[in-house]
Amino acid sequence: MHFSLAEVDVVVLFAPKNNGYKFSFRSERKDVHAEILAVEGLKGYGSGGGHACMASGFVSFGDKKIIMSELFKKVQEHFLVLINGLISGNIEN
C-alpha cells in the first residue's frame, strides 16, 4: 500500500539505529533527486546513496563525540540549501 500527501514532495526522516542514525530520503520531484540529498546532505557526517526517488544514509557515532542537536541543525540547513539549489537549477541532479 502506498500513501502520499499532495502537499509533500520531498521527505527526509531519521531515526536512531544501532550505533548511529539512519536517514531515509524520498522525492516525488524530478528536479530534486533523493540520491543527491543523501550523498551531498550527509557529506562530512556520514554516507548515503540510492536512486532519484528513494535513498538512504547513515551517520555513525563511531569514536567521535557528536552533539546530535548540532549535527541535525547543520544537516537540516544543508538539506534546505540543497533542495532550494536543485529546484532553482543552481545545483544539477
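Derivation of every value follows stated rules applied to the coordinates shown; laboratory data play no part. Quantities reported herein were computed from a predicted structural model and do not represent experimental measurements. A quick note on method: Cβ atoms are made from the backbone with ideal geometry, for glycine too, and the neighbour counts reach across all protein chains shown.
Just a few scattered comments:
- Working note: Karplus 6.51/-1.76/1.60 with θ = phi - 60° gives segment 10-19 the couplings 9, 10, 10, 10, 8, 8, x, 8, 6, 10 Hz, where Gly and Pro are set to x.
- Result for the chain in a Gaussian network model with C-alpha springs under 10 Å: among Ala38, Ala52, Ala15, the largest mean-square fluctuation is at Ala15.
- Net charge over other residues, Cβ less than 9 angstrom from the Cβ of His78 (K, R count +1; D, E count -1): 0
- Seen from His33, the other residues with C-beta closer than 14 Å to its C-beta sum to a net charge of -3, counting Lys and Arg as +1 and Asp and Glu as -1.
- Overall, the chain carries a charge dipole of about 380 debye about its Cα centre when +1 sits on the Cβ of Lys and Arg and -1 on the Cβ of Asp and Glu, all other atoms neutral.
- Residue among Leu82, Leu13, Leu37 with the largest mean-square fluctuation in a Gaussian network model of the chain, springs linking Cα atoms under 10 Å: Leu13
- Highest mobility in the GNM of the chain, judged by mean-square fluctuation with C-alpha springs under 10 Å and restricted to Gly57, Gly44, Gly20, is found for Gly44.
- Environment charge of Val8, counting only residues whose C-beta is closer than 10 Å and scoring Lys/Arg +1, Asp/Glu -1: -2
- Entry for Rg/Rh (Cα atoms, Kirkwood Rh) (calculated from the structure that is shown) out of (1) 1.09; (2) 0.98; (3) 0.95: (2)
- One decimal place: the segment Gln76-Lys30 gains 14.5 nm when fully extended, by the rule 0.36 nm per residue minus the C-alpha distance.
- Within the chain, helix-based [θ] at 222 nm, where runs of 4 or more DSSP H residues each add -39,500 (n - 2.57), nearest 500: -10000 deg cm²/dmol
- Full-stretch length increase - Asn19, Met68 - with 0.36 nm per residue and alpha-carbon distance subtracted: 16.4 nm
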